[in-house]
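The values are calculated or read from the model by the stated rules, or taken from the named source; none is laboratory data. All values derive from a computational prediction rather than experimental measurement. So basically every Cβ, Gly included, is an ideal-geometry build from the backbone, and we count neighbours across all protein chains shown. Heads up: the accessible areas ignore ligands, DNA and RNA and are worked out on the full protein's heavy atoms, side chains in. Shrake-Rupley method; radii C 1.70, N 1.55, O 1.52, S 1.80 Å.
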Amino acid sequence: MIKDELTKALAEAYTRMLAENAGLEAAAAAVHKAWMGRNQKNDYNAAQHVDYADLPEEEKQKDRDHVTMAGKFFAENPRKEGESETDHHARIAGMIGSHLHDNWRSKRKVVGKKADGTPQYEPREKEDKKVGGMQDIANTPFHELTDGHKEENFLAGHAAVAAHRAHMQQ
């Protein structure tokens, strides 16, 4: 009798895990679809410009991480008194965007140290197509990026927030 109950409990737990994972996979697929919509297919990203199901596991994990990061930020940063739901989601999306930029920077080659002791990364000059001009996005903290350069990370944050919300409503 105990063995049957244990088997049943394990089967139920496994079924719940599969359902939760399916929700996460659907949310991650939505994050990836949003990324493809924001990023034109080019030579440098062609391997990522495929359906979520066809991505390598490493790329899928990045999309899953966006969704779980949204959950973490929501859990750690509840809505403030008087803050609208829209403003709360925008605040969380900004946190995600900042985290994504910092995470991207941390994986770049360090070529030295700045006067303040922070890492000096291999430069990555990028044109801001919205306001014009070039900016070294690798050596610029998120809060100092031009609005055009912040935009991609904000949009990724908003996609993660939307996917997380959909995941939680399943």
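A few remarks follow.
- Evaluation of ASN153 against the conditions (1) in contact with a Leu (Cβ under 6 Å, 6 or more places away or on another chain); (2) over 21 Å from LYS33 (Cα atoms) shows that the sole unmet condition is (2).
- Residues in the stretch 81-105 that are open to solvent by 50 Å² or more (accessible area, probe 1.4 Å) and β-branched (Val, Ile, Thr): THR86 alone.
- Residue pairs meeting the criteria (Cβ under 7 Å; at least 6 apart or on separate chains; first within 17 Å of HIS158 (Cα to Cα), in the stretch 91-106; second of a type in the set (Phe, Trp, Tyr) and open to solvent by 40 Å² or more (accessible area, probe 1.4 Å)): ALA93/PHE154; GLY94/PHE154; GLY97/PHE154
- Filter result (under 12 Å from the mean Cα position of the chain (by Cα), open to solvent by 70 Å² or more (accessible area, probe 1.4 Å) and of a type outside the set (Lys, Arg)) within the stretch 55-80: GLN61, THR68
- Any hit, the stretch 65-74, residues being assigned to a strand (DSSP E or B) and without any contact (Cβ under 8 Å) to a residue 12 or more places away in the chain: no
- Qualifying strands (runs of 3 or more DSSP E) (wholly inside the stretch 110-170; at least 1 residues being surrounded by 13 or more Cβ atoms within 10 Å (Cβ to Cβ)): 119-121, 125-127, 134-136
- Screening the candidates ALA22, ALA26 for the property of being small (Gly, Ala, Ser), closer than 14 Å to ALA163 by Cα and exposed (fewer than 15 other Cβ atoms within 10 Å of the Cβ) yields one hit, ALA22.
- Neighbours by Cβ (under 7 Å, 6+ apart or cross-chain): first from the stretch 23-51, aliphatic (A, V, I, L, M); second loosely packed, with under 15 Cβ neighbours inside 10 Å and in a helix (DSSP H, G or I): ALA27/ALA166; ALA30/ALA166
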